[in-house]
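Peer 1: The structure under discussion is supplied below as structure tokens; questions concerning it will follow.
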């Protein structure tokens, strides 16, 4: 009787042992815990393939030197946590084991996100960039803030779909943005030194009257300070720095004017009263792809030019100031153009 019972149980035990070996082999190939495969098989529907049940949602918490990677399954179970070098080839090599089962690879907006977005997308990964304010608000509930916990929290955020994907601009828009940024930085430093010279000479009664143009600014300051060796020597250092900045500032400014003159879209923009080359190029670089806006009204909201609304219950319903979200430099350029159109334009 015992022999007959053993003969009946042997095929079942052999089948379970073979299934365990199969799961262990598949888990070692995917570099995950065998329990994750067993859990996915139990929870999936009979009509749902295992490939879909084992969909992975990795997330990257990027820093300058290292990137924390967290991989979770469809149910939010933790599969793998690791740190690798912030390099697209290294990151892709780590995620290559999950190829074909990746639904979304999330990473937060940062200084390296445009580079990683392009490089990982070219390698076939479904990369999505998360909006910073949404991600920060979701991660506030965590007690500890580390790269490891941020990667896990962002992975859960990607899994649930409660995030706002950020449009990643093209390389042309980033190059135009670089031109505008460097020109603006040189101009600000130039104005800082120029205002410092003007303010310091006012103490001695110099530089009074009408404001001189930049072409004759250096000559006039040297002439006014020639009678005093101390004032002239100290001011001469500032003038040499101002002269170098002024000569270097004219180079990106001339490049900007030349680009706007060659670009058909920018030439259409400058036809509008009070819209100059800087405003036209700033708007073109910020919009990048017009088809991503379903309505033209959403462009103003994208740059933070629409009023915020705070409503709660029956007593609170406030329409406040503009939201000031989005690119502040583009918003300032559009505001200056609109103000000049209302005040100074005669067309």
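The values are calculated or read from the model by the stated rules, or taken from the named source; none is laboratory data. Predicted model only: the values in this text are computed from it and were never measured. All Cβ positions, glycine included, derive from the backbone under ideal geometry; neighbour counts span all protein chains shown.
Peer 1: Criterion first (surrounded by fewer than 16 Cβ atoms within 10 Å (Cβ to Cβ), free of Cβ contacts under 8 Å to residues at least 40 places away in the same chain and within 28 Å of residue 342 (Cβ to Cβ)) does residue 213 satisfy it? Talk me through it step by step, then tell me what you get.
Peer 2: Values: surrounded by fewer than 16 Cβ atoms within 10 Å (Cβ to Cβ): yes; free of Cβ contacts under 8 Å to residues at least 40 places away in the same chain: yes; within 28 Å of residue 342 (Cβ to Cβ): yes.
When the stated conditions are applied, residue 213 passes them.
Peer 1: Being modelled with pLDDT of 55 or more and not assigned by TED's automatic domain parsing to the domain that holds residue 120 narrows it down to one residue among 63, 28; which is it?
Peer 2: 28 is the lone residue from the list that is modelled with pLDDT of 55 or more and not assigned by TED's automatic domain parsing to the domain that holds residue 120.
Peer 1: Output the number of residues of region 150-181 satisfying the condition of being touching a residue at least 60 places away in the same chain (Cβ under 8 Å), in contact with a helix residue (DSSP H, G or I) (Cβ under 7 Å, 6 or more places away or on another chain) and exposed (fewer than 15 other Cβ atoms within 10 Å of the Cβ).
Peer 2: The number of residues fulfilling the criteria is 1.
Peer 1: So residue 205 fits all but one of (1) assigned to a helix (DSSP H, G or I); (2) loosely packed, with under 11 Cβ neighbours inside 10 Å; what number is the exception?
Peer 2: Single failed check for residue 205: (1).
Here's the yes/no breakdown for (1) touching a residue at least 12 places away in the same chain (Cβ under 8 Å); (2) touching a helix residue (DSSP H, G or I) at 6+ places or on another chain (Cβ under 6 Å); (3) under 23 Å from residue 133 (Cα atoms):
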site: 62; (1), (2), (3): yes, no, yes
site: 74; (1), (2), (3): yes, no, no
site: 84; (1), (2), (3): yes, yes, no
site: 96; (1), (2), (3): no, no, no
site: 102; (1), (2), (3): yes, no, no
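Peer 1: It is to be established whether one or more residues within region 230-252 are part of a loop (DSSP other than H, G, I, E, B) and either modelled with pLDDT of 90 or more or surrounded by 13 or more Cβ atoms within 10 Å (Cβ to Cβ) (or both).
Peer 2: No - not one qualifying residue is present in region 230-252.
Peer 1: Considering only residues of region 218-229 that are in a helix (DSSP H, G or I) and loosely packed, with under 15 Cβ neighbours inside 10 Å, which is farthest from the chain's Cα centre (by Cα)?
Peer 2: 229
Peer 1: Let me ask something additional. Out of curiosity, is residue 265 crowded, with 17+ Cβ neighbours inside 10 Å, in contact with a helix residue (DSSP H, G or I) (Cβ under 8 Å, 6 or more places away or on another chain) and without any contact (Cβ under 8 Å) to a residue 60 or more places away in the chain? Break it down into steps so the answer makes sense when it comes.
Peer 2: Working: crowded, with 17+ Cβ neighbours inside 10 Å: no; in contact with a helix residue (DSSP H, G or I) (Cβ under 8 Å, 6 or more places away or on another chain): yes; without any contact (Cβ under 8 Å) to a residue 60 or more places away in the chain: yes.
Spelling it out, it is not the case that residue 265 is crowded, with 17+ Cβ neighbours inside 10 Å, in contact with a helix residue (DSSP H, G or I) (Cβ under 8 Å, 6 or more places away or on another chain) and without any contact (Cβ under 8 Å) to a residue 60 or more places away in the chain.
Peer 1: Can you name the condition, by its number, that residue 249 falls short on among (1) in the same structural domain as residue 342 (by TED's automatic domain parsing); (2) in contact (Cβ under 8 Å) with a residue 60 or more places away in the chain?
Peer 2: (1)
Peer 1: Could you count how many residues in region 83-111 are within 11 Å of residue 61 (Cα to Cα) and surrounded by fewer than 19 Cβ atoms within 10 Å (Cβ to Cβ)?
Peer 2: Counting residues in region 83-111 that are within 11 Å of residue 61 (Cα to Cα) and surrounded by fewer than 19 Cβ atoms within 10 Å (Cβ to Cβ) gives 5.
Peer 1: Confirm whether residue 122 is at pLDDT 90 or above and in contact with a helix residue (DSSP H, G or I) (Cβ under 9 Å, 6 or more places away or on another chain).
Peer 2: yes
Peer 1: (1) modelled with pLDDT under 85; (2) within 24 Å of residue 177 (Cα to Cα): which one isn't true of residue 292, the others all being true?
Peer 2: All conditions are met except number (1).
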